[in-house]
1. Residue separation times 0.36 nm, minus the C-alpha to C-alpha distance between residue 289 and residue 41: what's the value?
2. May I ask you to list the residues of region 112-129 whose amide nitrogen lies under 15 Å from a point 7 Å from Cα along the Cα→beta-carbon direction of residue 98?
3. Please compute the modelled spin-label separation between residue 245 and residue 366, points set 7 Å along Cα→Cβ, answer in nm with one decimal.
4. Residue 303: accessible area at probe 1.4 Å, nearest 10 Å²?
5. About its Cα centre, how strong a charge dipole does region 401-482 have in debye, to the nearest 20, once Lys and Arg get +1 and Asp and Glu get -1 at the Cβ?
6. I'd like the FRET efficiency for residue 374 and residue 476, computed as 1/(1 + (r/R0)^6) with the beta carbon distance as r and R0 of 22 Å, rounded to 0.05.
7. Suppose the chain between residue 181 and residue 153 were pulled fully straight at 0.36 nm per residue; how much longer would it get relative to their current alpha carbon spacing?
8. Set Lys and Arg Cβ to +1 and Asp and Glu Cβ to -1, take the dipole of the chain about its Cα centre, and tell me which of 336, 356, 277 lies farthest positive.
Amino acid sequence: MSSQKDHREAELKFELDRRAARKVRRHPLLAESDPKTQAQTSVYFDTDKRRVRKAGYSLRVRKAGDEHVQTVKTNGGGAGLFYRGEWEAPVDGLEVDAKALKASPLGKLKKVDHKLEPQVRSTVERATWLINRDGSLIEVVLDRGTVEAGGEKEKFHELELELRDGASAALFGLAKQIAEDVPLEIGVLSKEERGLLLAERALDHEQKASEPAIAKEMTAGQAFAAVVHECVRHFRLNQALIIAERDPAALHQARVAIRRLRTAFTLFRPAIRQGSLEPLKSEIKAFIEPFGVARNLDVYLDKHGEELGWRDQRKLQSARSDSYDQVIDALNSQQMRDMLVDLVEWTASADWQRKASAEPISRFAERRLNAAWRKVKRGGSRMGELEEQQLHRLRIDIKKLRYSAEFLAPLYRKKRVRAFATSLEAMQDCLGLVHDDMVSRQIVVDYALAESGRTDISQRSRQLTKMGTRFKRLKRVGRFWR
């Protein structure tokens, strides 16, 4: 066995359907040359307790032609653009080679080699082109295959653009040129992740946010990029279920993902050149509006649907159906696909970074969490004096502080962060019911509903009483970042 080699890859990944895959092959940029084709079989290994993934790596053995290669990768990136360290070594078969494993970063995991078991298997027909673009060399890879795990099996098509040499801007330039003719969806899953989710049947229901890959040694700019990637991933993992099943929980989570993204823009504002962000912010705000209409009707019908007469029920169900039509049109639009690519490209560039982006994230986080805390403390101390719109503003401030705490959780003791976030969520729930009452009254007016559709007018006073108790509890929990 020859010595192990390691390098770092920058890879832009897209998901596509069978028709789009055929269009890629016929695209003028690729059709003039014959691709290199190869059948590949890959097996991904881990322990039953996922020690490899928890350590931040993946372990794969791949058969391509007569060769077998064992690869360890870092789990970097995660939304379209993947930056990953990679360690490769030739091996004798589709089993883990212990000697090669010890020479990789996984060698630091004690007693892991004899506990490794196959978790995911993928079989792929791969077509590869090499493209020179603006002085950069890009490998274009089109995969058609299946992934198997836990007795489940699924077909997939992927397009990967890997930068072999040059600037990452060339990756996006090539992707955008292909996207003029082919619908490309930002990819957020590796083949291993796709298999693990398939085995758990996780994509059959809504997906909640995950913790971003933030570490104490990062700068504020690096942490911001990790948060953006996680928000895009959160959104994309719920997209298919909304389109296929009009699932209210998935729609809610997709909306939460965009709200979390907008909170990240606020949290990291001192690090961002606002002029570079404004066009994206405006586009994202307009894009998410139909989601709010659909969500409000979902909540109203869930709470009050049985109270309504049949005419009002039909009226609202029709309005809900129309709102989901708008959401699905937005999700299927080229505008949305371009928006996500633009967001990932903007995040990968240096155009947005101000001086504060180079500040250590730990110091930056403390200052920004203090600023968000002051807003919540000021509003919570005088909530009895606040009008409905002011309470709504306080609810948004609480939500932003909670999301910010969740983003930055990897920097602190988990138990303290969890207690703080749970207290915020309890306050948010109280004000959420007050807000739902306000929205419900507006729905009654907008759709000319009968009186039976109205809500309990004592809701506000009851929830504000609870809110006061929960605010005191939050102050007792205290700021976890101090």
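The values are calculated or read from the model by the stated rules, or taken from the named source; none is laboratory data. These numbers come from a predicted model, not from an experiment. Counting neighbours? That spans all protein chains shown, and the Cβs are built from the backbone with ideal geometry, glycine included. The accessibility values were calculated without ligands, DNA or RNA, using every heavy atom of the protein model including side chains. Shrake-Rupley method; radii C 1.70, N 1.55, O 1.52, S 1.80 Å.
1. Values: separation 248, 0.36 × 248 = 89.28 nm, distance 4.37 nm.
84.9 nm is the gain from fully extending residue 289 to residue 41.
2. The answer is 112-117.
3. A separation of 4.6 nm, rounded to one decimal place.
4. Roughly 90 Å² of residue 303 is accessible to a 1.4 Å probe.
5. Details: 18 positive and 8 negative charges, 217 e Å.
So the magnitude is around 1040 debye.
6. Details: r = 18 Å, r/R0 = 0.81.
With R0 = 22 Å, the Cβ-Cβ based efficiency is 0.80.
7. Numbers: separation 28, 0.36 × 28 = 10.08 nm, distance 2.98 nm.
Stretched fully, the residue 181-residue 153 segment lengthens by 7.1 nm.
8. 356
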